[in-house]
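As structure tokens, the structure follows; a few thoughts come after it.
The values are calculated or read from the model by the stated rules, or taken from the named source; none is laboratory data. This one's a predicted model, so the numbers in the text were calculated from it and none came from an experiment. In this analysis, Cβ positions are derived from the backbone assuming ideal geometry, glycine residues included, and neighbour counts consider all displayed protein chains. The accessibility values were calculated without ligands, DNA or RNA, using every heavy atom of the protein model including side chains. Shrake-Rupley method; radii C 1.70, N 1.55, O 1.52, S 1.80 Å.
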Amino acid sequence: MSEQDYHIDTLAIHAGQEPDPATGAIMTPIFQSSTFVQEAPNQHKGYEYSRSGNPTRAALEANVAAIEGGQYGLAFSSGLAAIDTIVRLLKPGDHVIVGNDVYGGTFRLFDKIYQRYGLEFSWIDQSDLEAVKAAFKPNTRLLWLETPTNPLLALGDIAALAESAPQDVLVGVDNTFASPYIQQPLTMGADIVMHSSTKYLNGHSDAVGGLLAMKDESLYTELKFLQNAAGAVPGPMDCFLVMRGIKTLGVRMERHSENAMKIAQMLEDHPEIVKVYYPGLESHPQHELAKRQMKLFGGMVSIILKSEAIAKTMVTRTKLFALAESLGGVESLIEHPYSMTHASTADTDIAVDPALVRLSVGIENVDDLINDLRQALHND
Ligand SMILES: *Cc1c(COP(=O)(O)O)cnc(C)c1O
């Protein structure tokens, strides 16, 4: 059986991770070494210096390539460092189309940093295929998608959007919210998949990291050059933690999704809630696309409360849902995007609703989670 024949939950555990030839250790060792001894100048065992390559990182990079259905993987010190490296493929005067409901840090990177370097950005609703098609220009080089989006969980039709892009436009998908267990954008026509591995891939809230996966060798060669030349690489310990997390990705995503569905249904019926955003609900405007594109609906739920004050009170009242930025860990988190994760979008066209609350539903017992939310919403 070749690796191609294995399912993702098998690849998650085994891909890129042969037992250590020297010792038989079943877990990839943490090669906590900055440099590697050479026998003669340029005669070495494949590693020279850990910015250029490290065996623990190489195991993680091979693993992410496999679970995303790609050929090549690259690891970075954060999700934003991974996105930053993609943008470095471009040059001044190039145009980028970006979803208008992206992660706040992505917005900040593009708008506050790369605009200064002469890149041009168009912020378009990626759920509107015609609007995206109309936004391509002769100098467009990158279509940057995020689906489901953060925080409103709107979907982009990856296959249709990738199909609409001219030949010379790279299509990148931030797959952080779904994870490859739920959708594999490379198999739908995307050129690059990106992850904040800080979230579901690590899954245990104990490391910050970013990953890229791709099929095309020349694209990989360019990005690998940039990874080494710009240098935003992760340390071996963090690579080990992400790899360990990925082994349980499948069972975690099943449970995250099951819990989130029950919570979304409870919230939809709750009198204190104005609106629930969850791709698994029939009320979600793209529920049909979600069923087609996603294997499960994921662990993220966003809700609108009656006012900003009520939203801010709710997030301080939960006991199991911890008030914190980030998402995708086994423990449930709650946050107020307007003042926390998405504060950088305030006063812009893509600012979020001040009454919005975002939940990262963990894998605790769902009845305990539901009771926690109910008491936090109790109006007395
Ligand atoms: C967190 C996040 C990022 C940024 O990743 P970091 O690891 O925090 O740098 C990018 N995209 C999405 C969707 C995220 O949730």
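At-a-glance table
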{"quantity": "Count - residues of region 37-51 that are under 25 Å from Gly231 (Cβ atoms) and open to solvent by less than 40 Å² (accessible area, probe 1.4 Å)", "calculated": "1"}
{"quantity": "Residue that is nearest to the ligand (Cβ to nearest atom) [pool: residues in region 201-212 that are among the small types (Gly, Ala, Ser) and over 14 Å from Glu61 (Cα atoms)]", "calculated": "Ala207"}
{"quantity": "When residues of region 157-178 are limited to those that are away from the ligand (no atom under 15 Å from the Cβ) and either part of a loop (DSSP other than H, G, I, E, B) or free of Cβ contacts under 8 Å to residues at least 12 places away in the same chain (or both), the one most open to solvent (accessible area, probe 1.4 Å)", "calculated": "Gln167"}
{"quantity": "Elements of type strands (runs of 3 or more DSSP E) in region 209-327, at least 3 residues being among the aliphatic types (A, V, I, L, M) and within 30 Å of Pro29 (Cα to Cα)", "calculated": "210-214"}
{"quantity": "Among (1) in contact (Cβ under 8 Å) with a residue 40 or more places away in the chain; (2) under 20 Å from Ile350 (Cβ atoms); (3) in contact with a helix residue (DSSP H, G or I) (Cβ under 9 Å, 6 or more places away or on another chain); (4) away from the ligand (no atom under 16 Å from the Cβ), the one test that Lys215 misses", "calculated": "(2)"}
{"quantity": "Test result for Ala134, among the hydrophobic types (A, V, I, L, M, F, W, C), open to solvent by 20 Å² or more (accessible area, probe 1.4 Å) and either at positive phi or free of Cβ contacts under 8 Å to residues at least 12 places away in the same chain (or both)", "calculated": "yes"}
{"quantity": "Count - residues of region 58-91 that are touching a Ser or Thr at 6+ places or on another chain (Cβ under 7 Å) and more than 16 Å from the ligand (Cβ to nearest atom)", "calculated": "2"}
{"quantity": "Residues of region 95-118 satisfying the condition of being open to solvent by 10 Å² or more (accessible area, probe 1.4 Å) and away from the ligand (no atom under 16 Å from the Cβ)", "calculated": "Gln115, Arg116, Tyr117, Gly118"}
{"quantity": "Lone unmet requirement of (1) among the basic types (Lys, Arg); (2) assigned to a strand (DSSP E or B); (3) more than 15 Å from the ligand (Cβ to nearest atom) for Arg358", "calculated": "(3)"}
{"quantity": "Some residue of region 340-355 being over 23 Å from Gln265 (Cα atoms), of a type in the set (A, V, I, L, M) and more than 16 Å from the ligand (Cβ to nearest atom)", "calculated": "yes"}
{"quantity": "Some residue of region 350-358 being over 21 Å from the mean Cα position of the chain (by Cα) and open to solvent by 20 Å² or more (accessible area, probe 1.4 Å)", "calculated": "yes"}
{"quantity": "Unmet criterion (only one of (1) under 17 Å from Leu249 (Cα atoms); (2) modelled with pLDDT under 95) for Leu211", "calculated": "(2)"}
{"quantity": "Residues satisfying the stated conditions in region 291-329, i.e. in contact with a His (Cβ under 7 Å, 6 or more places away or on another chain) and open to solvent by less than 40 Å² (accessible area, probe 1.4 Å)", "calculated": "Gly298, Gly299, Ala311, Val315, Gly329"}
{"quantity": "Residues (assigned to a loop (DSSP other than H, G, I, E, B), more than 25 Å from Met253 (Cβ to Cβ) and either hydrophobic (A, V, I, L, M, F, W, C) or assigned by TED's automatic domain parsing to the domain that holds Pro151 (or both)) located in region 328-351", "calculated": "Ala346, Ile350, Ala351"}
{"quantity": "Residue in region 59-67 that is touching a residue at least 40 places away in the same chain (Cβ under 8 Å) and over 21 Å from Ser179 (Cβ atoms) present", "calculated": "no"}
{"quantity": "Residue count for region 179-200, restricted to those that are assigned to a loop (DSSP other than H, G, I, E, B) and more than 10 Å from the ligand (Cβ to nearest atom)", "calculated": "9"}
{"quantity": "Conditions (1) in contact with a strand residue (DSSP E or B) (Cβ under 8 Å, 6 or more places away or on another chain); (2) over 21 Å from Thr10 (Cβ atoms); (3) open to solvent by 10 Å² or more (accessible area, probe 1.4 Å); number of the one not met by Met214", "calculated": "(3)"}
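So that you can scan it fast, the table gives a plain yes or no per residue for (1) touching a Phe, Trp or Tyr at 6+ places or on another chain (Cβ under 6 Å); (2) part of a loop (DSSP other than H, G, I, E, B); (3) surrounded by fewer than 20 Cβ atoms within 10 Å (Cβ to Cβ):
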site	(1), (2), (3)
Ala12	no, no, no
Ile26	no, yes, yes
Ala65	yes, no, no
Gly70	no, yes, no
Ala75	no, no, no
